[in-house]
Amino acid sequence: MYVNGLVGVIALVALAALVAWLVGSIVLRLVGGLLIVVGLFGTISAGDVLGLIVMLTLGLAGWLAGHWLFAFRHHYYAGAIAERVFLQVMPARLDPTRRWWFPNQ
């Protein structure tokens, strides 16, 4: 009985990893952008500065994580803003396209 449960858990983890690999970059970028927009409009109406900072930080982190995953999968960036952030602002070790010579099309 225990082996069947363990196999089921391993199968669910593998399925979750596959789904995250296939659609994770899109979901992260959309949710990050949505958090930024909701944070701006929600906290402007409420006047909560700390909430604005938290929502913008979470949204930006999600958006950047989505672009990082996309660049890691395809070896090129989905947008010019993300490319500029990763190549000029972030440390070089965080660039997912370093040491890749050809994009994965």
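The values are calculated or read from the model by the stated rules, or taken from the named source; none is laboratory data. On a predicted model such as this, the values are computed, not experimentally measured, just so you know. Virtual Cβ from ideal backbone geometry, glycine too; neighbours counted across all protein chains shown.
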Review point. Is there any pair with a first residue in segment 12-25 that is surrounded by 10 or more Cβ atoms within 10 Å (Cβ to Cβ) and a second that is of a type outside the set (S, T, N, Q) whose Cβ atoms are under 7 Å apart and which are 6 or more apart or on different chains, and what are they?
Key: 24/69; 25/66; 25/69; 25/70; 25/73
Review point. Which of the following residues is on the phi < 0 side of the Ramachandran plot and not acidic (Asp, Glu): 99, 73?
Key: 73
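Residue by residue through segment 10-67, note down the ones that are among the β-branched types (Val, Ile, Thr) and under 25 Å from residue 96 (Cα atoms).
First, pick out the residues of segment 10-67 that are among the β-branched types (Val, Ile, Thr): 10, 13, 19, 23, 26-27, 31, 36-38, 43-44, 49, 53-54, 57.
Of everything in segment 10-67, those that are among the β-branched types (Val, Ile, Thr) and under 25 Å from residue 96 (Cα atoms) turn out to be 13, 19, 23, 26, 27, 31, 36, 57.
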Review point. Quick one: which of 22, 52, 64 is touching a Gly at 6+ places or on another chain (Cβ under 7 Å) and not aromatic (Phe, Trp, Tyr)?
Key: 52
**Study point:** Criterion violated by residue 65 - all others in (1) exposed (fewer than 10 other Cβ atoms within 10 Å of the Cβ); (2) modelled with pLDDT of 85 or more satisfied
**Key:** (1)
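Restricting to segment 80-100, name every residue that is outside any helix (DSSP H, G or I) and either closer than 24 Å to residue 40 by Cα or not basic (Lys, Arg) (or both).
As a first pass, look at segment 80-100 and keep what is outside any helix (DSSP H, G or I): 90-91, 95-100.
Matches in segment 80-100: 90, 91, 95, 96, 97, 100.
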**Study point:** Evaluation of residue 77 against (1) part of a helix (DSSP H, G or I); (2) under 24 Å from residue 96 (Cα atoms) (one fails), failing number
**Key:** (1)
Practice item. With the checklist (1) outside any helix (DSSP H, G or I); (2) surrounded by fewer than 16 Cβ atoms within 10 Å (Cβ to Cβ) in hand, flag the one item residue 7 doesn't pass. Key: (1)
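Given 39, 32, 47, which one is on the phi > 0 side of the Ramachandran plot and not charged (D, E, K, R)? Give the steps one after another, and end with the answer.
On the way: 39 fails: on the phi > 0 side of the Ramachandran plot; 32 fails: on the phi > 0 side of the Ramachandran plot.
One residue alone meets the criteria, 47.
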